[in-house]
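Notes for the one structure printed next.
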Amino acid sequence: MKPFLLTALIATASPVALAQQGLGDPTVPTTSEAEQAKMAGASAKAPIPRAIEAAVMDDWMESKLAGDVHPSVIEGARRAYAQTLFKPVWTERGAKALKAFSRDLFEYGLTPNDVLDANLQTLISQRFEARDDAERAEADLALSAAWLRMAAAISGGMRDEGEAESSEIDAATYSALPENLIAAGNGKVKSALEAYEPDFPQYDRLKDALATYREIRAEGGWLAIPDGEVIEAGNTDPRIPAIRERLETEGYDANRSLIALVASAIEAGSAPETTEDSVRANADIDVLDAESVEREVNPEVYDEKLVEAVKTFQSRHGIEPDGVIGPATLEAMNESIDSKIARIADSMDRWRHQGKADRKYVWTNIPSYTAEGWKNGRREISMKTIVGMESRETPIFSDEIEYVVANPNWYAPVSIVKRDKLPKLEQDPGYARRGNYKIYDRSTGAEVSAYSVNWNDPSSAEKYRLVQQSGSGNALGELKIMFPNQYSVYLHGTPDDSLFDRAERAFSSGCVRLERPTEMAQWLAEGDGEADPDTLEEAVEAKAHERFEFASRVPVHITYMTVTVNDDGTVNFWRDIYDRTEGIRQVEKFAPLYQPEDPITTAQMKQG
């Protein structure tokens with residue numbers, strides 16, 4: 001039983017309490033008993049409302065939903081029943097709509113068996129056909145519990161009234177839970193549930209991508225390409241037709257039209273203008289023309305059209321887009337359709353746990369090596385990043401950006417000093433001067449000479465602080481963007497821009513290096529009211545060590561989405577560099593192998 005004050009709050013809204021007090025709610029429209037029976041799918045007589053009230057007061061919701069949804073969500077459901085005077089929430093139309101929606105959970109990247117713990121048809125039958133009032137009451141509550149589980153799954157763990165949420169947007173959405181539950185009971189299940197979906201643009205695009213890939217799966221998906229020699233442009237390989245078909249199945253433009261094929265063959269077979277010299281070489285020309293035509297029409301030739309399709313495929317899978325079909329490209333091609341669907345669903349789920357989108361935020365995604373600035377649902381700035389290496393992973397978390405520092409000093413973390421700096425200083429203390437480091441005794445704060453420290457002592461990493469002064473070789477580059485956190489991770493520049501040219505960029509010790517840090521800082525400062533974009537740029541160019549505080553705290557989300565979707569709807573499947581997508585282990589990762597037909601066996605089968 002709930003504490004007295006809480007039960008009293010609900011009890012004051014019960015029919016019994018209202019009758020005792022002789023009071024009613026003038027804002028609630030009155031309906032006849034027949035109308036009530038039609039709307040609620042049950043008699044308006046008192047037994048069922050009393051049974052529902054008794055179950056609610058006896059913590060039925062808590063016993064069935066504990067651990068599945070936040071306590072404040074359960075409290076929102078209790079208020080929904082109080083608002084209906086404990087009459088049944090679910091009409092027949094609403095219950096059927098709930099069952100229909102449960103079959104559509106796949107469209108949201110969810111599996112019904114993972115969301116629901118009861119058979120909805122059984123509950124519907126119990127709700128509208130059971131003779132016992134207590135059974136009908138319990139079935140109505142169970143349907144509400146099923147709706148709450150769906151809402152929690154779609155939202156990523158909703159909370160009523162924005163409890164512990166980070167924005168006013170969350171509070172406005174979740175405080176409507178009682179009204180949404182009642183609306184669902186009256187048949188508006190889909191709209192009531194979709195109110196809790198994430199509003200990040202990437203989520204909506206992933207939802208569309210999921211539908212596309214489920215269609216591909218329904219049509220049979222694709223077959224894996226057998227291993228073999230590396231294939232380069234112009235090579236002939238019996239796997240080329242299978243590769244062309246594989247890419248076309250996923251929507252890549254890999255097949256030349258018949259008109260283009262004929263035109264190329266004609267061009268390859270055309271004899272040059274007749275001259276005195278060419279007449280002497282007619283025999284050779286005939287041979288060369290025949291070979292050229294054969295190459296143009298040979299389906300096993302790795303032609304230019306297919307090379308371009310492979311390059312596009314590589315760029316969307318985090319592979320160097322060189323057009324060479326090697327082991328990495330084959331592995332990406334051979335990923336099964338089920339694995340890709342699971343990865344899309346996994347990324348959707350990760351977005352659900354980001355909550356509601358703020359008006360302005362920074363999104364940096366680890367597997368795609370990108371950082372983007374979003375405002376009012378639109379991407380306004382984007383750039384490449386370098387993230388933590390596999391042994392020093394960049395963590396996943398969200399925070400708020402507080403300030404930036406132009407031309408920063410770098411205070412080397414103890415962990416990096418131990419792993420990277422001590423070996424170098426042991427061999428040559430002069431490394432500190434060449435690297436523009438100053439060394440300070442942590443106990444006194446005094447600067448000391450690198451030659452006076454016993455770098456062979458492992459504890460020296462804790463005893464002395466290494467501070468690299470700002471400058472062209474500084475590890476943080478021209479600027480750092482700060483959001484103080486437990487991981488000591490932030491966004492910053494780098495003195496080595498060449499690494500941004502690589503497809504895979506996991507080289508840092510955990511922080512995120514930005515391709516254009518000053519531009520990102522200026523974007524953050526736009527309209528801030530305190531930090532000015534122009535002043536910030538001037539400080540960077542003047543090599544001035546200066547800190548700029550932001551009046552408005554902009555959220556930053558460091559995520560791990562192995563699937564992202566471009567503005568045009570094309571889908572990227574990034575390499576799982578940290579091996580974090582546990583969900584794909586539940587499906588077959590690789591497609592079934594393509595088996596080319598044996599012409600002899602095929603002929604024998606036809607004869608037989």
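Taking Ala183, is it open to solvent by 20 Å² or more (accessible area, probe 1.4 Å), modelled with pLDDT of 95 or more and either assigned to a loop (DSSP other than H, G, I, E, B) or over 25 Å from Ser339 (Cβ atoms) (or both)? First the steps, then the outcome.
Values: open to solvent by 20 Å² or more (accessible area, probe 1.4 Å): yes; modelled with pLDDT of 95 or more: yes; either assigned to a loop (DSSP other than H, G, I, E, B) or over 25 Å from Ser339 (Cβ atoms) (or both): yes.
Answer is yes for this residue.
For region 349-373, which positions are assigned to a helix (DSSP H, G or I) and either open to solvent by less than 20 Å² (accessible area, probe 1.4 Å) or farther than 19 Å from Asp576 by Cβ (or both)? Lay out the reasoning, then the answer.
Going residue by residue through region 349-373, those that are assigned to a helix (DSSP H, G or I) are 349-352.
Answer for region 349-373, where residues must be assigned to a helix (DSSP H, G or I) and either open to solvent by less than 20 Å² (accessible area, probe 1.4 Å) or farther than 19 Å from Asp576 by Cβ (or both): Trp351, Arg352.
Looking at region 428-438 only, could you name the residues that are open to solvent by less than 40 Å² (accessible area, probe 1.4 Å) and over 45 Å from the mean Cα position of the chain (by Cα)?
Passing the criteria: Pro429, Gly430.
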### Task
Inspect region 379-386 for any residue being farther than 26 Å from Lys543 by Cα, in contact with a strand residue (DSSP E or B) (Cβ under 7 Å, 6 or more places away or on another chain) and not polar (S, T, N, Q) and give the result as yes or no.
yes
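Test of understanding: among Phe500, Phe573, which residue is out of contact with any helix residue (DSSP H, G or I) (no Cβ under 7 Å at 6 or more places or on another chain), at pLDDT 95 or above, closer than 29 Å to Met389 by Cβ and open to solvent by less than 20 Å² (accessible area, probe 1.4 Å)? Steps first, please.
Values: Phe573 fails: out of contact with any helix residue (DSSP H, G or I) (no Cβ under 7 Å at 6 or more places or on another chain).
When all the criteria are applied, what remains is Phe500.
Tell me the residue from Thr385, Thr394, Thr329, Thr312 that is in contact (Cβ under 8 Å) with a residue 40 or more places away in the chain, of a type in the set (S, T, N, Q) and part of a helix (DSSP H, G or I), please.
Working: Thr385 fails: part of a helix (DSSP H, G or I); Thr394 fails: part of a helix (DSSP H, G or I); Thr329 fails: in contact (Cβ under 8 Å) with a residue 40 or more places away in the chain.
One residue alone meets the criteria, Thr312.
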### Query
Mind checking which residues of region 80-101 are of a type outside the set (A, V, I, L, M), out of contact with any Leu (no Cβ under 6 Å at 6 or more places or on another chain) and either under 30 Å from Leu210 (Cα atoms) or surrounded by fewer than 18 Cβ atoms within 10 Å (Cβ to Cβ) (or both)?
Gln83, Glu92, Arg93, Gly94, Lys96, Phe101
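Taking Glu308, is it closer than 30 Å to Ile577 by Cα and either open to solvent by 30 Å² or more (accessible area, probe 1.4 Å) or modelled with pLDDT under 55 (or both)?
Numbers: closer than 30 Å to Ile577 by Cα: yes; either open to solvent by 30 Å² or more (accessible area, probe 1.4 Å) or modelled with pLDDT under 55 (or both): yes.
Judged against the criteria, Glu308 is a match.
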### Message
Every residue in region 541-570 that is loosely packed, with under 13 Cβ neighbours inside 10 Å and of a type in the set (S, T, N, Q), please.
### Response
Asn566
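Look through region 439-478, keep the residues that are in a strand (DSSP E or B) and over 19 Å from Ala544 (Cβ atoms), and return whichever of them is most open to solvent (accessible area, probe 1.4 Å).
First, the residues of region 439-478 that are in a strand (DSSP E or B): 439-441, 447-448, 464-468.
Those still in the list that are over 19 Å from Ala544 (Cβ atoms) too: 439-441, 447-448, 464-466.
Details: Ile439: 4, Tyr440: 62, Asp441: 34, Glu447: 111, Val448: 42, Tyr464: 45, Arg465: 85, Leu466: 2 Å².
That would be Glu447.
Just give me the residues in region 397-423 being in contact with a His (Cβ under 9 Å, 6 or more places away or on another chain) and not in a strand (DSSP E or B), in sequence order. Before the answer, list the steps.
Just the residues of region 397-423 that are in contact with a His (Cβ under 9 Å, 6 or more places away or on another chain), to begin with: 397-399, 405-410.
Matches in region 397-423: Asn407, Pro408, Asn409.
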### Task
Could you identify the single residue in Arg93, Arg131, Arg127, Arg78 that is basic (Lys, Arg), under 20 Å from Lys188 (Cβ atoms) and out of contact with any Phe, Trp or Tyr (no Cβ under 8 Å at 6 or more places or on another chain)?
Arg93
### Query
Residue check: is Glu402 under 16 Å from Val556 (Cβ atoms), in contact with a helix residue (DSSP H, G or I) (Cβ under 9 Å, 6 or more places away or on another chain) and modelled with pLDDT of 95 or more?
no
### Summary
From the option list Ser508, Ser472, Ser449, single residue qualifying as more than 30 Å from Asp579 (Cα to Cα) and modelled with pLDDT of 95 or more is Ser449
### Task
Could you tell me which residue of region 186-210 is least open to solvent (accessible area, probe 1.4 Å), considering only residues that are among the small types (Gly, Ala, Ser) and more than 16 Å from the chain's Cα centre (by Cα)?
Ala192
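With Asp303, Asp322 as the choices, which residue is surrounded by 19 or more Cβ atoms within 10 Å (Cβ to Cβ) and either touching a residue at least 40 places away in the same chain (Cβ under 8 Å) or within 30 Å of Phe500 (Cβ to Cβ) (or both)? I'd like the intermediate steps shown before the answer.
Values: Asp322 fails: surrounded by 19 or more Cβ atoms within 10 Å (Cβ to Cβ).
Being surrounded by 19 or more Cβ atoms within 10 Å (Cβ to Cβ) and either touching a residue at least 40 places away in the same chain (Cβ under 8 Å) or within 30 Å of Phe500 (Cβ to Cβ) (or both) holds for just one of Asp303, Asp322, which is Asp303.
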### Query
Inside region 466-516, can you point out the residues that are over 20 Å from Asn409 (Cβ atoms) and without any contact (Cβ under 8 Å) to a residue 60 or more places away in the chain?
Gln486, Asp497, Ser498, Asp501
### Query
Which members of region 216-252 meet the condition of being in a helix (DSSP H, G or I), over 16 Å from Asn298 (Cα atoms), open to solvent by less than 70 Å² (accessible area, probe 1.4 Å) and of a type outside the set (Val, Ile, Thr)?
Arg246, Leu247
### Query
within 16 Å of Pro408 (Cα to Cα) and either touching a strand residue (DSSP E or B) at 6+ places or on another chain (Cβ under 9 Å) or aromatic (Phe, Trp, Tyr) (or both) - does that describe any residue in region 559-579?
no
### Number of the exception - Asn376 against (1) open to solvent by less than 30 Å² (accessible area, probe 1.4 Å); (2) at positive phi; (3) free of Cβ contacts under 8 Å to residues at least 24 places away in the same chain
(1)
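Could you please let me know if Thr602 is out of contact with any Leu (no Cβ under 6 Å at 6 or more places or on another chain) and either open to solvent by 50 Å² or more (accessible area, probe 1.4 Å) or modelled with pLDDT under 95 (or both)? Outline the logic, then answer.
On the way: out of contact with any Leu (no Cβ under 6 Å at 6 or more places or on another chain): yes; either open to solvent by 50 Å² or more (accessible area, probe 1.4 Å) or modelled with pLDDT under 95 (or both): yes.
Spelling it out, Thr602 is indeed out of contact with any Leu (no Cβ under 6 Å at 6 or more places or on another chain) and either open to solvent by 50 Å² or more (accessible area, probe 1.4 Å) or modelled with pLDDT under 95 (or both).
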### Unmet requirement for Asp133, which otherwise passes all of (1) within 15 Å of Arg149 (Cβ to Cβ); (2) at pLDDT below 95
(1)
## Note on the structure
Conditions (1) at pLDDT 95 or above; (2) closer than 16 Å to Ala80 by Cβ; (3) among the aromatic types (Phe, Trp, Tyr) -> Tyr213 fails only (2)
### Summary
Glu538: passes all of (1) closer than 29 Å to Ala357 by Cβ; (2) at pLDDT 95 or above; (3) open to solvent by 80 Å² or more (accessible area, probe 1.4 Å); (4) over 26 Å from the mean Cα position of the chain (by Cα) but (1)
### Residue list for region 105-152, filter: touching a residue at least 24 places away in the same chain (Cβ under 8 Å), over 18 Å from Ile74 (Cβ atoms) and loosely packed, with under 14 Cβ neighbours inside 10 Å
Glu107, Asp114
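The values are calculated or read from the model by the stated rules, or taken from the named source; none is laboratory data. Computed from a predicted structure; not experimentally measured. We place every Cβ from the backbone using ideal geometry, glycine too, and count neighbours over all the protein chains shown. Ligands, DNA and RNA are stripped out before the accessible areas are found, and what is left, the full protein with its side chains, is counted by its heavy atoms. Shrake-Rupley method; radii C 1.70, N 1.55, O 1.52, S 1.80 Å.
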